[in-house]
Structures are given as structure tokens and as C-alpha cells.
Amino acid sequence: MPHAPEDVPGRFARTADGAAGLAFVTLRQEKGSAGEDAAAAWLEKAGMRILARNWRSGSYELDLVCRDGDELVFVEVRLRGKGSLASPEASMTPAKCRSVVKAARAYLSASGEWDVPCRFDLVCVRDAGATFELDYYRHVFDISEIMGSGDAAWQPW
């Protein structure tokens, strides 16, 4: 017998394209979205302009793409719940960094902004119950450290 919506953790919401159908959103996705909202609000208060949220190209995704003065900033948002053994910072592995760089390449190709200076920032969001605690890290990695020196010239920053 199927569960009634109130019996299943999560909530129902419109699909991403706004279609009349409903899509199931888990509590984890809802909390993740709220964490990204908090990060975006903090970045805007810090003077950045949000250009894109959850930008996708194929299997790649950028959590936030921002403009900070004349720089394009690719921001990865990492959320950890209360009682999590791993810190949000620890979840930013070399493999995740490579994935973010590949997504940034796709964004730069799609937007034609190869000549714009770029950097990679990190916002760590910790679930503190009714609120979030945020830690912000500017320029968290250099492309040559992540991709190897052979890829260092892919974008001039």
C-alpha cells in the first residue's frame, strides 16, 4: 500500500521546469537548498553578484557562479548536518576540485568568458539546528595544483 505524502520524509514540490506534475524532494535536498540559500545571501551581503545557481552542463554542476568586481567566482557550497563526523572542508577532495574545474571550463565555454579572471571559493555550511554556521574560504585552490601543470594555461588568471 503506498504511503500517504505525510507518511514519507520529504515534501512534494513542482518539477524544476515548472510543469504541473509534482516531484518528490527529500529533507536532505531541502536542507541542502536552504544551505545554498544561506551561502548565496551571505555572498550577496559581502558584495558579490550571483550570476547562476546550480548551473549544469552534462554531469557537471556549479553550485554558485558569482561576479566579484572584475572576477568570475565559482563557489562550491559544502553542507554537513549536525553530528556529522566529516567536516565540510574535508569533503572538498582533489576529485571534487577536478570536477568543479571541469564544470568551470564548461561554463566559460558556454558564456564565452575565457578572458575574465576567475577563482574558486568555498563556503562551508554547518547545520546548527534552526540556523546555519558559515565559513568562507577565498581562492581555495590553484588550478595547477589540481589539474597538473600541463593544464595551467587553460584560463589566464
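The values are calculated or read from the model by the stated rules, or taken from the named source; none is laboratory data. This one's a predicted model, so the numbers in the text were calculated from it and none came from an experiment. Here the Cβ positions follow ideal geometry from the backbone for every residue, glycine too, while neighbour counts run over all protein chains shown.
Would you confirm, using the coordinates I've provided, whether R80 is under 18 Å from A34 (Cβ atoms), among the basic types (K, R), surrounded by 12 or more Cβ atoms within 10 Å (Cβ to Cβ) and modelled with pLDDT under 80?
Spelling it out, R80 is indeed under 18 Å from A34 (Cβ atoms), among the basic types (K, R), surrounded by 12 or more Cβ atoms within 10 Å (Cβ to Cβ) and modelled with pLDDT under 80.
Restricted to region 106-125, and to residues there that are buried (at least 18 other Cβ atoms within 10 Å of the Cβ) and among the aromatic types (F, W, Y), the residue that is farthest from A46 (Cα to Cα) is Y107.
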